[in-house]
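What follows is a short report on a single structure.
The values are calculated or read from the model by the stated rules, or taken from the named source; none is laboratory data. Computed from a prediction, not measured in an experiment: that's the story for all the values here. When we count neighbours, we look across all protein chains shown, and the Cβ atoms used for this are built from the backbone with ideal geometry, even at glycine. Note: accessible area is taken over every heavy atom of the protein model, side chains too, but ligands, DNA and RNA are not part of it. Shrake-Rupley method; radii C 1.70, N 1.55, O 1.52, S 1.80 Å.
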Amino acid sequence: MEKSFYETHKNEIKKIGESAKKQLLEDHIPFWEPRVLDREYGGYFNCFDREGKLIKTVKPGWFVGRDMYSFASLYRFIQKKETWLNIAEQGYRYTKGSFYAGNGRFQKLLTREGKILEGTTSIFTDHFAIKGLYEYFKVVPPGEEELAKGRQLTDQLFQNVKDEQILQKEGIRAGWQKHAVNFMTLLVALESFDLFGNRYEDVLRECVRKSLYEFANSELQAPLEYVKQDGRPELLGEGRLVDAGHAMESLWFAMEAGSLLDEKSWKQRAEEVLDWVIERCYDESYGGFIQHIDVDGKTPEEQFLVTDYEGIPAAWDSKIWWVQAEGLNALFMSALLNENEKHFAYFKKLYEYTELYFRDKKYGEWYSILNRDGGVLCDWKGFELKGPYHITRCLMKINLLAEKYLKCKETENEKEEKSI
């Protein structure tokens, strides 16, 4: 009799979960924990070179919410460590100052002292701030006034993501939708359930539908980054892009939503779309996922050959830290939820790739960006777009997924034995 996926891989899955937790606690978090707090002015430092020396003191708005989320999550799921709770609390306090612009909006970039360098130009800043608040409230239960404020911010966000004037500040042209906005809205709706029940379930379901059936186009067998407002593809300019990281991030969000609401078809559809991403974006020659590609599997048009990562020019086929982290999340989740052998095999390949090329064995953490062949393009550990978020979440999710899967399977087996 052929062994089940669980029986075949249970020991391996256990070791993977333990390995991810070990890296998280002994390599990754020790880099950030002593550095991230600005004890004089509040908020967080995020910009560090390879060795951990502070290279900029600006406060990126994205990382107020992201850092608050990460350290509250660590406290909630990994260990009740007061240092982590204190780091998350500092983010919560920072949301009460000049970082908050009013009307549900947050500032994109501030000086160390709190002067606004770039205001309400990023809807993503709002998403991250709100999800950070959610996670903090899950470990420090809010009073009625705070909870009401959380609902108000969420209601406003879900209106703002439909406002074309706000979206145009993100560079989204009139008449177009960007997948990243949709799946970040999906994530906020998903993470709202612990606080607000099914208040935003309709938002969640609509975002999952768009991610799995509009941005992921069955006729083209491609997950597109941009589609028109009516959901149809238009293969011109940015409409030709397949963004590996965004596609995979949205897929594991949809799979989590499928588990929450018991929608098996969402997990199965995500499994199918993930194959499209692997086929188009996994680099079989050098390993890892490339940044993005043309819808026809060709080199992108000239305007998309290079992406500016805050002054770091990354080629279209560069290997970006967050793309690999989201690939690990999506592959491992599909492997376990769908018991998919192919996705488990690709997960192991990608996990080994990040271990060999991204992880800095000398100073801890991961490099930011590699060339296609694995050479280091940028060895910074943090800048305006990188901090303790994607990798933190990835390593934590791998550990939690492994533990949950094994526990569920053991429980199922015990029930079967008792029924015999």
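What residue, among those in segment 281-299 that are of a type outside the set (Gly, Ala, Ser) and over 16 Å from ASP373 (Cα atoms), is surrounded by the fewest Cβ atoms within 10 Å (Cβ to Cβ)? First the steps, then the outcome.
Initial filter on segment 281-299 (of a type outside the set (Gly, Ala, Ser)): 281-284, 286, 289-296, 298-299.
Among the residues that remain, those that are also over 16 Å from ASP373 (Cα atoms) are: 293-296, 298-299.
Values: ILE293: 23, ASP294: 17, VAL295: 20, ASP296: 12, LYS298: 9, THR299: 12.
Of everything passing the filter in segment 281-299, LYS298 is surrounded by the fewest Cβ atoms within 10 Å (Cβ to Cβ).
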### Query
For segment 157-169, what are the residues that are in a loop (DSSP other than H, G, I, E, B) and under 23 Å from ARG209 (Cα atoms)?
VAL161, LYS162, ASP163
### Task
Would you please list the contacts, defined by Cβ atoms under 7 Å and residues six or more apart or on different chains, that run from a residue in segment 165-177 that is modelled with pLDDT of 95 or more to a residue that is open to solvent by less than 20 Å² (accessible area, probe 1.4 Å)?
ILE166/ILE123; ILE166/ASN160; LEU167/ILE123; LEU167/VAL181; GLN177/VAL227
### Query
So which residues in segment 103-118 are over 22 Å from the mean Cα position of the chain (by Cα) and open to solvent by 20 Å² or more (accessible area, probe 1.4 Å)?
ASN103, THR111, ARG112, GLU113, LYS115, ILE116, LEU117, GLU118
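Yes or no, residue by residue, for (1) touching a residue at least 60 places away in the same chain (Cβ under 8 Å); (2) open to solvent by 20 Å² or more (accessible area, probe 1.4 Å); (3) assigned to a helix (DSSP H, G or I):
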site	(1), (2), (3)
PRO141	no, yes, no
GLU145	no, yes, yes
ASP155	no, yes, yes
THR185	no, no, yes
LEU204	no, no, yes
### Residue under evaluation GLY52, criteria (1) surrounded by fewer than 18 Cβ atoms within 10 Å (Cβ to Cβ); (2) of a type outside the set (S, T, N, Q); (3) assigned to a helix (DSSP H, G or I), criterion not met
(3)
### Summary
Sole miss for LYS210 among (1) charged (D, E, K, R); (2) more than 26 Å from GLY91 (Cβ to Cβ); (3) in contact with a Ser or Thr (Cβ under 8 Å, 6 or more places away or on another chain) is condition (3)
### Query
Do you know which residues across segment 167-183 are under 18 Å from GLY104 (Cβ atoms) and open to solvent by 20 Å² or more (accessible area, probe 1.4 Å)?
GLN168, LYS169, GLU170
### Task
Output the number of residues of segment 32-46 satisfying the condition of being open to solvent by less than 10 Å² (accessible area, probe 1.4 Å) and either assigned to a loop (DSSP other than H, G, I, E, B) or on the phi > 0 side of the Ramachandran plot (or both).
4
### Task
Within segment 82-106, track down each residue that is modelled with pLDDT of 95 or more and part of a strand (DSSP E or B).
TYR100, ALA101, ARG105, PHE106
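Table: residues versus (1) farther than 18 Å from LEU331 by Cβ; (2) assigned to a loop (DSSP other than H, G, I, E, B); (3) open to solvent by less than 40 Å² (accessible area, probe 1.4 Å); (4) modelled with pLDDT of 95 or more.
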residue	(1), (2), (3), (4)
GLU219	yes, yes, no, yes
ARG232	yes, yes, no, yes
GLY239	yes, no, yes, yes
GLU249	no, no, yes, yes
PHE253	no, no, yes, yes
SER259	no, no, no, yes
ALA270	no, no, yes, yes
ASP275	no, no, no, yes
GLU279	no, no, no, yes
### Query
Does segment 65-81 contain at least one residue that is modelled with pLDDT of 95 or more, in a helix (DSSP H, G or I), basic (Lys, Arg) and open to solvent by less than 30 Å² (accessible area, probe 1.4 Å)?
yes
#### Entry: Conditions (1) farther than 18 Å from MET184 by Cβ; (2) part of a helix (DSSP H, G or I); (3) touching a residue at least 24 places away in the same chain (Cβ under 8 Å); (4) among the small types (Gly, Ala, Ser): number failed by GLY287
(2)
#### Entry: Filter result for GLY382 (on the phi > 0 side of the Ramachandran plot and under 22 Å from the mean Cα position of the chain (by Cα))
no
### Query
Restricting attention to segment 304-326, does a residue exist that is in contact with a Gly (Cβ under 7 Å, 6 or more places away or on another chain), surrounded by fewer than 22 Cβ atoms within 10 Å (Cβ to Cβ) and at pLDDT 95 or above?
yes
#### Entry: Entirely in segment 316-420, the helices (runs of 4 or more DSSP H) that have 2 or more residues that are among the charged types (D, E, K, R) and touching a helix residue (DSSP H, G or I) at 6+ places or on another chain (Cβ under 6 Å)
390-419
### Summary
Of the residues in segment 82-99 that are without any contact (Cβ under 8 Å) to a residue 24 or more places away in the chain and under 26 Å from LEU167 (Cα atoms), the one that is least open to solvent (accessible area, probe 1.4 Å) is SER98
